[in-house]
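Asks: Below is the structure I would like to discuss, written out as C-alpha cells.
The values are calculated or read from the model by the stated rules, or taken from the named source; none is laboratory data. Everything numeric here is computed off the predicted structure, so don't read it as measured data. Here the Cβ is made from the backbone with ideal geometry for all residues, glycine too, and neighbour counts use every protein chain on show. SASA here: full protein model, heavy atoms, side chains in, ligands and nucleic acids out. Shrake-Rupley method; radii C 1.70, N 1.55, O 1.52, S 1.80 Å.
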Amino acid sequence: MTPLLAHVAPLYPDVRVVIARGSTDLQVQQLRQRELDALVIDARRMAPAPDLVIEPLTELRAGFVSRAAHPLAGQAAVRFDDLLRYPVATTPLSDEVARILVERYGPRADPARMGALVCEDVGSLLDTVAQTDAIFLGVIAAARSGIDAGQLAELRLSPPLAAGARFAYVTLAGRTEAPVMQLLRRFVAERLRD
C-alpha cells in the first residue's frame with residue numbers, strides 16, 4: 001500500500017485514493033456496495049461469483065522470513081520443527097494454502113494451529129518480525145525491502161515451501177471502470193512481482 005500511495009501522491013495530487021483493509025469477505029461486500037472500485041487480492045481467497053470479474057495477475061512466491069539476527073537466519077537448511085519453536089506471524093491464509101502446508105510439513109503446519117500472530121496488515125507483521133524472534137509466513141516480495149536492507153532474512157526450509165499467492169484484479173461485472181483505474185492497473189503490472 002505504501003508504494004502505491006507514494007507513487008500517486010506526487011504524480012497525481014488530484015486523484016483520491018482510498019485503500020480498504022479487512023477480510024476478503026468485507027472487501028468483496030464493499031466492492032458490491034460500490035464503496036470500492038476494484039480489489040487486488042489473493043485469488044485463492046475469492047469464491048467465484050457471477051457478479052464479479054476476477055482477472056488473474058501474477059503468482060508471488062511465499063516463504064518464511066525472520067529478522068537478520070534470528071537464530072535460524074543464515075542456516076543452510078531449517079527444519080520445520082525448528083521453525084515451530086518460534087511464533088509464526090501470518091495473514092489469514094486460504095484453505096488451499098493450508099492444505100499445501102499440511103501436505104508438505106504435516107498437521108502441525110495447519111495455519112489454525114501454527115499461526116500465533118495473525119493480522120491482515122502485512123506491514124505490522126513484518127515490523128513485529130524485525131523486532132522479535134517471530135517468523136513471517138507470507139509473500140517474500142512483501143519483505144523484499146527489509147531483506148535487501150539486511151534487516152530481514154528469508155529462511156531456507158528443508159524441504160522448501162512450494163506455494164505462493166495468486167493475485168487477481170477483481171471488479172464488479174457490468175460496472176464501467178473509471179478511467180483513473182488504469183493508473184492502478186499499470187502500477188500493479190509494474191510492481192506486483194517477486
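Asks: Listed residues ARG113, ARG99, ARG85; which is without any contact (Cβ under 8 Å) to a residue 24 or more places away in the chain, of a type in the set (Lys, Arg) and under 20 Å from PHE167 (Cα atoms)? Outline the logic, then answer.
Replies: Details: ARG113 fails: under 20 Å from PHE167 (Cα atoms); ARG85 fails: under 20 Å from PHE167 (Cα atoms).
Of the residues listed, the single one that is without any contact (Cβ under 8 Å) to a residue 24 or more places away in the chain, of a type in the set (Lys, Arg) and under 20 Å from PHE167 (Cα atoms) is ARG99.
Asks: Hey, another quick one. For region 137-147, how many residues are open to solvent by 20 Å² or more (accessible area, probe 1.4 Å) and of a type in the set (A, V, I, L, M)?
Replies: Here is the first cut: in region 137-147, the ones open to solvent by 20 Å² or more (accessible area, probe 1.4 Å) are 139, 141-142, 144-145, 147.
Applying the additional criterion that residues be of a type in the set (A, V, I, L, M) yields 139, 141-142, 147.
Counting residues in region 137-147 that are open to solvent by 20 Å² or more (accessible area, probe 1.4 Å) and of a type in the set (A, V, I, L, M) gives 4.
Residues are listed down the side, and each one gets a yes or a no for (1) surrounded by 15 or more Cβ atoms within 10 Å (Cβ to Cβ); (2) closer than 30 Å to GLY106 by Cβ; (3) within 17 Å of the chain's Cα centre (by Cα); (4) in contact (Cβ under 8 Å) with a residue 40 or more places away in the chain:
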site: ALA149; (1), (2), (3), (4): no, no, no, no
site: PRO159; (1), (2), (3), (4): no, yes, no, yes
site: ALA162; (1), (2), (3), (4): no, yes, yes, yes
site: ARG166; (1), (2), (3), (4): yes, yes, yes, yes
site: THR171; (1), (2), (3), (4): yes, no, no, yes
site: THR176; (1), (2), (3), (4): no, no, no, no
site: MET181; (1), (2), (3), (4): no, no, no, yes
site: VAL188; (1), (2), (3), (4): yes, no, yes, yes
site: ASP194; (1), (2), (3), (4): no, yes, yes, yes
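Asks: Now, a different point. Specify the residue that is nearest to ALA143 (Cα to Cα); the eligible residues are those in region 26-80 that are among the polar types (S, T, N, Q) and open to solvent by 60 Å² or more (accessible area, probe 1.4 Å).
Replies: Within region 26-80, the first condition is being among the polar types (S, T, N, Q), and the residues that meet it are 27, 29-30, 33, 58, 66, 75.
Add one more test, that the residue is open to solvent by 60 Å² or more (accessible area, probe 1.4 Å), and what stays is 29, 33, 75.
Values: GLN29: 29, GLN33: 33, GLN75: 19 Å.
Result: GLN75.
Asks: When you go through ALA98, ALA112 one by one, which is the residue that is under 25 Å from THR58 (Cβ atoms), modelled with pLDDT under 95 and of a type in the set (A, V, I, L, M)?
Replies: Working: ALA112 fails: under 25 Å from THR58 (Cβ atoms).
None of the other options fit; the residue is ALA98.
Asks: Report yes if SER94 is surrounded by fewer than 16 Cβ atoms within 10 Å (Cβ to Cβ), free of Cβ contacts under 8 Å to residues at least 60 places away in the same chain, closer than 28 Å to ALA20 by Cα and of a type in the set (Ser, Thr, Tyr), otherwise no. Write out each step before concluding.
Replies: On the way: surrounded by fewer than 16 Cβ atoms within 10 Å (Cβ to Cβ): no; free of Cβ contacts under 8 Å to residues at least 60 places away in the same chain: yes; closer than 28 Å to ALA20 by Cα: yes; of a type in the set (Ser, Thr, Tyr): yes.
Considered against the rule, which asks whether it is surrounded by fewer than 16 Cβ atoms within 10 Å (Cβ to Cβ), free of Cβ contacts under 8 Å to residues at least 60 places away in the same chain, closer than 28 Å to ALA20 by Cα and of a type in the set (Ser, Thr, Tyr), SER94 comes out as no.
Asks: Take GLU120 and tell me if it is at pLDDT below 90 and surrounded by fewer than 18 Cβ atoms within 10 Å (Cβ to Cβ).
Replies: On the way: at pLDDT below 90: yes; surrounded by fewer than 18 Cβ atoms within 10 Å (Cβ to Cβ): yes.
For GLU120, the condition - at pLDDT below 90 and surrounded by fewer than 18 Cβ atoms within 10 Å (Cβ to Cβ) - is met.
Asks: Continuing with this model, one more query. Could you tell me whether GLU154 is surrounded by fewer than 18 Cβ atoms within 10 Å (Cβ to Cβ), of a type in the set (D, E, K, R) and modelled with pLDDT under 90?
Replies: On the way: surrounded by fewer than 18 Cβ atoms within 10 Å (Cβ to Cβ): yes; of a type in the set (D, E, K, R): yes; modelled with pLDDT under 90: no.
In short, no.
Asks: To continue, here is another question. For region 184-194, which positions are touching a helix residue (DSSP H, G or I) at 6+ places or on another chain (Cβ under 7 Å) and either outside any loop (DSSP other than H, G, I, E, B) or within 18 Å of ASP14 (Cα to Cα) (or both)?
Replies: Across region 184-194, the qualifying residues are PHE187, ARG191.
Asks: Out of the residues in region 81-91 that are among the aliphatic types (A, V, I, L, M) and in contact with a Gly (Cβ under 8 Å, 6 or more places away or on another chain), which is surrounded by the most Cβ atoms within 10 Å (Cβ to Cβ)? Can you show your working first?
Replies: First, the residues of region 81-91 that are among the aliphatic types (A, V, I, L, M): 83-84, 88-89.
Retained after the next criterion (residues that are in contact with a Gly (Cβ under 8 Å, 6 or more places away or on another chain)): 88-89.
Details: VAL88: 21, ALA89: 26.
Among those that are among the aliphatic types (A, V, I, L, M) and in contact with a Gly (Cβ under 8 Å, 6 or more places away or on another chain), it is ALA89.
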